[in-house]
Amino acid sequence: MIYKCRNCGANAIYSPEKGTMYCPYCDSQDSEELAPGGGMAVCMNCGGELNPGDYMSAVKCEHCGTYVIFEERTEGTYKPHVILPFKLGKKEVQEKIRARYAKAAFIPADFLSDAKLSEIEGMYIPFFLYDFDCRYTIKATGSKIRRWRSGSYEYTETSLYQVERDATIDFEKLPVDASIAMPDDAMDLIEPYDYKALEEFQTKYMSGFFAEKYNMDATELSPRAKDKAKADAKAIMNKTITGYSTITNRTDNVTMDEKKADYALLPVWCYSYQYKGKDYLFKMNGQTGKIVGKPPVSWERVFGYGATIFGCTSAILTMIMLLAEVL
Ligand SMILES: [Zn+2]
Ligand SMILES: [Zn+2]
């Protein structure tokens, strides 16, 4: 299916800046109408071939630039419960990338070029948002040691305490990404999202973006969500045990009761940059603008720079090490 402008017939898309549907051709707002059907093989607009692979639920036609959404991957069990519409538009994201990397030395010359930055695409990534009731108990022995001197004697007093903690922690909307293609560490870093902006799912929010349906279901991903929740719970509990010299015989007991898992689409801007046969992927939180990724180092520029300024190898190496810390 595609969204068409009633006024001019062009592809209507969701505009993050305006927060509404928009036609980039005739500039009209809320003029969209849904043209359903079309299947996944060819573009409804130009008849060109589409390549949605196993998981894409929305793509941009390579031939005519129309954003096509696939019914069979957004309905039934694949219908998301909620969606977080893009908040940042492409222009804002390009500016953020420029600002972030403008001062980075030795990046390849075209890394921030208009041509390269225009290739940025927005993509909705499938997530499950888990609610857990967690009960966490700790039993341990804590010691406190007091030392003092009296005359020629030194005294040491060791007091032992039975340390007990029993807490319930409610986790709400703990996110786990359900996309194989997206590196888990990048997705974990790109969080947090402000879930107050979640909307009930509507396909119109997808127009103008790529999207994936979930690759793994909520049951398959549940262990990963639980591990994440347990680690967070442990960190919270550890903060309550302070002031002891030693802690011994510690036993932790955690039970995690899964209340629900909502299927959500969350917005990510993607910038893929190829340099010397290697892919560099940048992800930006489509709501907050948080950027995850490391630009390639152009060795020609490092050596060129080093040779002019320092003229010796050791100084160049120092620069590279500094650079590694900065990025
Ligand atoms: Zn129009
Ligand atoms: Zn097309």
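The values are calculated or read from the model by the stated rules, or taken from the named source; none is laboratory data. Computed from a predicted structure; not experimentally measured. We place every Cβ from the backbone using ideal geometry, glycine too, and count neighbours over all the protein chains shown.
Given the structure, is PHE127 surrounded by 14 or more Cβ atoms within 10 Å (Cβ to Cβ), under 21 Å from the mean Cα position of the chain (by Cα) and at pLDDT below 90? When the stated conditions are applied, PHE127 does not pass them. Put simply, of TYR14, TYR25, TYR67, TYR3 the only residue that is under 19 Å from TRP269 (Cα atoms), over 21 Å from the mean Cα position of the chain (by Cα) and within 16 Å of ligand 1 (Cβ to nearest atom) is TYR67. Give the residue, chosen from PRO108, PRO183, that is at pLDDT below 95, touching a strand residue (DSSP E or B) at 6+ places or on another chain (Cβ under 9 Å), under 30 Å from GLU72 (Cβ atoms) and of a type outside the set (Asp, Glu). When all the criteria are applied, what remains is PRO183. Scan segment 76-85 and tell me whether some residue there is exposed (fewer than 12 other Cβ atoms within 10 Å of the Cβ), out of contact with any strand residue (DSSP E or B) (no Cβ under 6 Å at 6 or more places or on another chain), at negative phi and outside any loop (DSSP other than H, G, I, E, B). Yes, some residue in segment 76-85 is exposed (fewer than 12 other Cβ atoms within 10 Å of the Cβ), out of contact with any strand residue (DSSP E or B) (no Cβ under 6 Å at 6 or more places or on another chain), at negative phi and outside any loop (DSSP other than H, G, I, E, B). Among the residues making up segment 242-274, a single one is closer than 29 Å to THR168 by Cα and free of Cβ contacts under 8 Å to residues at least 60 places away in the same chain: THR242.
Only a single item in (1) among the acidic types (Asp, Glu); (2) in contact (Cβ under 8 Å) with a residue 40 or more places away in the chain; (3) within 16 Å of ligand 2 (Cβ to nearest atom) is not met by GLU71, and it is number (3). Any idea which residue in segment 243-293 is surrounded by the most Cβ atoms within 10 Å (Cβ to Cβ), counting only those that are at pLDDT below 90 and polar (S, T, N, Q)? The qualifying residue surrounded by the most Cβ atoms within 10 Å (Cβ to Cβ) is SER272.
Among the candidates GLY37, GLY53, GLY9, GLY19, which residue alone is among the small types (Gly, Ala, Ser), more than 30 Å from the chain's Cα centre (by Cα), away from ligand 1 (no atom under 11 Å from the Cβ) and at positive phi?
Values: GLY53 fails: more than 30 Å from the chain's Cα centre (by Cα); GLY9 fails: away from ligand 1 (no atom under 11 Å from the Cβ); GLY19 fails: more than 30 Å from the chain's Cα centre (by Cα).
Exactly one of GLY37, GLY53, GLY9, GLY19 is among the small types (Gly, Ala, Ser), more than 30 Å from the chain's Cα centre (by Cα), away from ligand 1 (no atom under 11 Å from the Cβ) and at positive phi, namely GLY37.
Looking at the structure I just gave you, is LYS234 surrounded by 16 or more Cβ atoms within 10 Å (Cβ to Cβ), over 18 Å from the mean Cα position of the chain (by Cα) and part of a helix (DSSP H, G or I)? When the stated conditions are applied, LYS234 does not pass them.
Among the listed residues CYS23, CYS5, CYS43, identify the single one that is more than 16 Å from ligand 2 (Cβ to nearest atom), surrounded by 14 or more Cβ atoms within 10 Å (Cβ to Cβ) and at pLDDT 95 or above.
The match here is CYS23.
Every test in (1) modelled with pLDDT of 90 or more; (2) within 19 Å of the chain's Cα centre (by Cα) is passed by LYS139 save one, and that test is (2).
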